[in-house]
Each structure stands twice: as C-alpha cells, then as structure tokens.
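Comments concern the structure below.
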Amino acid sequence: MHDVIIIGAGPGGMTAAVYAQRANLDTIMIEKSAPGGKMVSTWEVENYTGLGKVKGYEISEKMFTHTQELGVKYVGGEVTAIRDAKDKKVVELANGNQHEARVVIIGSGTDPSLLGVPGENKFASKGVSWCAICDGAFFKGKHVLVVGGGNSAIEEAIYLTTMDIKVTVLNILDSLQADAKAIAQADATGKIDYLLAHEVVSFNGDQNLENITVRDLKTKEEKTLDLPGAFIFIGQIPKTDFAKPLGITDQYGYIKVNERMETSIPGIYGIGYVIPKELRQIVTAAADGAIAAQNAAKYIESCKQRG
C-alpha cells in the first residue's frame, strides 16, 4: 500500500508529488494522458514567476523530470472510482488495476466546455478545435474564428496570428473578459478583429467545416461567415465523475475543499482546476498541490499514531 496516490499529473499533481516524496512518503502519480495537463498544449507561458517566457511543454517536461528524479512512481491510466475504507483508499482504473493508499489527492483537471450547437461534434477535428497549438498549423494563411472572450481565447488568438492566420474573435458578451495586457497584445498583431454580443448558431459543411452561422444578439440578425476553422475557448468542465459518488463535489462537479485542500472525507484532497477558485493558473494549481501534500503528511502521521 502507498502513502499517497495523486490523480492527475498537471502542475498541481506534480507539485504535490514533489512535496509528498520529499516528506518521505511513498507516492504514486496516475495520469490518463501526458504529464503536464493543459500546460502541454499551452503555446507560451509568461506569468510563472522566475521563468520568464517559456513554452508550456517545457515547463511540463521540467516538472515531470523533477518528480522522477525524486523517485515518484508514475502510472498511465484512467481512474474510474475511488473507494473510501476509512484509513485506506482504493483507486480503481479502467484497465481493472487497483491501487491503495492512506491518502488520495485529486488533481484530474478539466475538459473544455462545448457550445452545444449543430455541427460542433460533426466537425470536431475537421475544422472545429479546442486546441490552437494542436491544430493551428492546418490553417496557416487562412482566416478562422475564435469563440470566447477570456484570457485563454485571446492568448490562443494571438498564437494563431504567429502562423499567418487572420482571426475573428466572437464573444457572447458585448465586451471581452481578458486582461488589458492580453487585449493590447492582440490588437498589436493587426490580425485580430471582434464580433461582440454574437453567438454561434451552427457549424456547416459537408465533410469538413466550410462556414459558420452566427447571430447578433442585439438585432437577432443571422449571417454566414465563410471560415474553414473555429477554435472554442468558453470554459471548462471538471473531470470528476469518478469522485461524485463520494459526495464531495458541488452542483457543477467541482470538488469542495477547505483552505487545507481537505474534502469532507478525511484523507481525500482536491487541488488545481477541479476545485472552486477565482483564478485557475499554473501557479495557483502548484500552490494547491504543495498545501495538499503538506497536510496529507500530517494526516498520515496522525493515522500512524492512532495505530
């Protein structure tokens, strides 16, 4: 049996792994895809203190290498359930394997929200994307739509312009939610324009996306944009289905925790993007991981003292 199981190898999970391993805890980290979480597909990071401007995959590699140098065990797999047996937690994987530990730290991240309009699923990976760094190169020299008005949408729009792509940013509100610096950088490219107070009605085409129907929310007028690509950044959905039977999630699926990252079940913690918080960033996820690991170490020590 392990001391700590960490679900998710994003910045929160990997930081928790570093702190737990340095506390001499037998630590295993389980990740469904690639270590790094959303960092892997983030084009550029400029707000992680001390690193300056760096590629997301570079931070991911450095963090993961750090965990491995310390001896953290790493397992690839999808978690399907957690069973609480008081001082022991059992984590079940889709392949049938099980892992046991005194503590589970959940940092499984989020999936992108969908618009839920006709054609969105049909043209997924055929013109509709949720990852500019993954699919942007397919639209070099073309004109695409970015849906969303927050920092993620604007930063991804800026990235697309570096590949000689013209971008129209569509936002359902009549203003952008991104910070002033991001908007200024977008404007400075000279390749980004805006459709505010608009919504996507449908994605249209035959085999691939050919055009997009949008609606002006003030006039109710609809028009068709002849654009072959659309990138959607309108929010995230927490990947916590496996934790919901435990009763530790809120109505939106986020894991409810206190300031120590503790859930209502002793020995289970939530960190990073899966907990309710005002700012979801690499630095805040990493901080969550450190706090959870430190409190997990105290919890394990108390369990040992109880025998």
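The values are calculated or read from the model by the stated rules, or taken from the named source; none is laboratory data. Remember, it's a predicted structure, so these values are computed and weren't measured experimentally. Positions of Cβ are backbone-derived with ideal geometry, glycine not excepted, and every protein chain shown enters the neighbour counts.
Results for (1) of a type outside the set (Gly, Ala, Ser); (2) over 30 Å from residue 298 (Cα atoms); (3) out of contact with any strand residue (DSSP E or B) (no Cβ under 6 Å at 6 or more places or on another chain), shown as yes or no for each residue.
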| position | (1), (2), (3) |
| --- | --- |
| 190 | no, yes, yes |
| 201 | yes, yes, no |
| 209 | yes, yes, no |
| 225 | yes, yes, no |
| 236 | yes, yes, no |
| 241 | yes, no, yes |
| 249 | yes, no, no |
| 260 | yes, no, yes |
| 265 | yes, no, no |
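Among the listed residues 245, 228, identify the single one that is modelled with pLDDT of 95 or more and within 30 Å of residue 93 (Cα to Cα).
245
Looking only at region 26-64, which residues are free of Cβ contacts under 8 Å to residues at least 40 places away in the same chain and of a type in the set (Lys, Arg)?
53, 55, 62, listed by residue number.
For residue 224, work out the one condition from (1) more than 20 Å from residue 134 (Cα to Cα); (2) part of a strand (DSSP E or B); (3) in contact with an Asp or Glu (Cβ under 9 Å, 6 or more places away or on another chain); (4) among the polar types (S, T, N, Q) it doesn't fulfil.
(3)
Need the failing condition index for residue 252 against (1) in contact with a Pro (Cβ under 8 Å, 6 or more places away or on another chain); (2) surrounded by 13 or more Cβ atoms within 10 Å (Cβ to Cβ); (3) assigned by TED's automatic domain parsing to the domain that holds residue 11, just the number.
Residue 252 satisfies every listed condition except (2).
Helices (runs of 4 or more DSSP H) wholly in region 129-215 with at least 3 residues that are within 15 Å of residue 231 (Cβ to Cβ) - which ones?
Result: 132-135, 151-161.
Any residue at all in region 237-248 that is in a loop (DSSP other than H, G, I, E, B), under 30 Å from residue 31 (Cα atoms) and in contact with a helix residue (DSSP H, G or I) (Cβ under 6 Å, 6 or more places away or on another chain)?
So far as region 237-248 goes, yes, one or more of its residues are in a loop (DSSP other than H, G, I, E, B), under 30 Å from residue 31 (Cα atoms) and in contact with a helix residue (DSSP H, G or I) (Cβ under 6 Å, 6 or more places away or on another chain).
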